[in-house]
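Colleague: Got a structure here, written out as structure tokens. Questions coming.
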Amino acid sequence: MSSRRRQRVTVAASLAAVVFMIGLVAASVPLYDLFCRVTGYGGTTRVAAAPEGVNGRPIIVRFDASLAKGMPWRFTPEQRQISTHLGEQTLAIYSATNLSDQPVIGTATFNVTPAKAGRYFNKVQCFCFTEQRLEPGQSVDMPVSFFVDPALADDESTAEITTITLSYTFFPISHRRDRS
């Protein structure tokens, strides 16, 4: 094989590797999200229609809110914690306010701790993964309807869990000044 041909093969292989890596980067977030939703990995909750039954066992659900760097909002849970029962559908409210002088679009991701409780935490309605556009100074309340599956009580590995924390982080999607 000639030296020139070897160079072309090396360049082509290198370019193919770069394109492949860029493709993996672009697909990694949606694929990871899908993986977490299916498996409950990392405390990812499941979406459900409604609870199947209430168990008398009480559970405390704490709420946490944070903002990614560069997100010019105030984002807080309206309640720090709620005492509920396994299987009982419960409603919590988060509030967001755009503190900037321009429209901002954001989206939230969530997590549940301890991670092994994630498979039992079911959201009926949630604002996560939905774009939220707030005008300058605008505030909005965002409900989260959820229940903790009564099967949590039957799992030996979760027997000690009496408190679950639901955490949301808002990330900016767009932060621009409208040019009207």
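Colleague: Treat the count of other C-beta atoms within 10 Å as a stand-in for reagent exposure and order MET1, MET142 from fewest to most.
Modeller: Working: MET1 6, MET142 21.
Least to most surrounded, the residues fall as MET1, MET142.
Colleague: Of all the Cα-Cα pairs you can form in segment 43-175, what percent are over 17 Å apart? Please list the in-between numbers first.
Modeller: Working: 4953 of 8778 pairs.
Distances greater than 17 Å cover 56 percent of the Cα pairs.
Colleague: So, one more: Relative contact order of segment 104-168, please, whole-number percent, based on alpha carbon pairs below 8 angstrom and at least 6 residues apart.
Modeller: Details: 85 pairs, mean separation 29.6, N = 65.
Contact order relative to length: 46 percent.
Colleague: Another question, then. Rounded, prolate or oblate: which fits segment 81-155, taking a ≥ b ≥ c as square roots of the Cα gyration tensor eigenvalues, rounded meaning a/c under 1.5, else prolate when a/b beats b/c?
Modeller: Working: a/c = 3.40, a/b = 2.52, b/c = 1.35.
Cα axes put segment 81-155 in the prolate bin.
Colleague: ³J(HN,Hα) across segment 86-98 via Karplus (A = 6.51, B = -1.76, C = 1.60, θ = phi - 60°), whole Hz, x for Gly/Pro?
Modeller: 4, x, 7, 5, 10, 10, 10, 10, 10, 10, 9, 9, 7
Colleague: Kindly work out what percent of the DSSP beta bridges joining two residues of segment 43-175 are antiparallel, to the nearest 5. Walk me through the intermediate numbers first.
Modeller: Numbers: 35 of 45 bridges.
Here the share of antiparallel DSSP bridges comes out near 80 percent.
Colleague: Label points 7 Å out from Cα along the Cβ direction at ALA12 and GLU156: separation in nm?
Modeller: So the label points at ALA12 and GLU156 sit 5.8 nm apart.
We did not get these values from a lab; they are worked out from the coordinates using the rules stated. Since this is a predicted model, take the numbers as computed values, not measurements. Cβ: placed from backbone, ideal geometry, glycine included. Neighbour counts: every protein chain shown.
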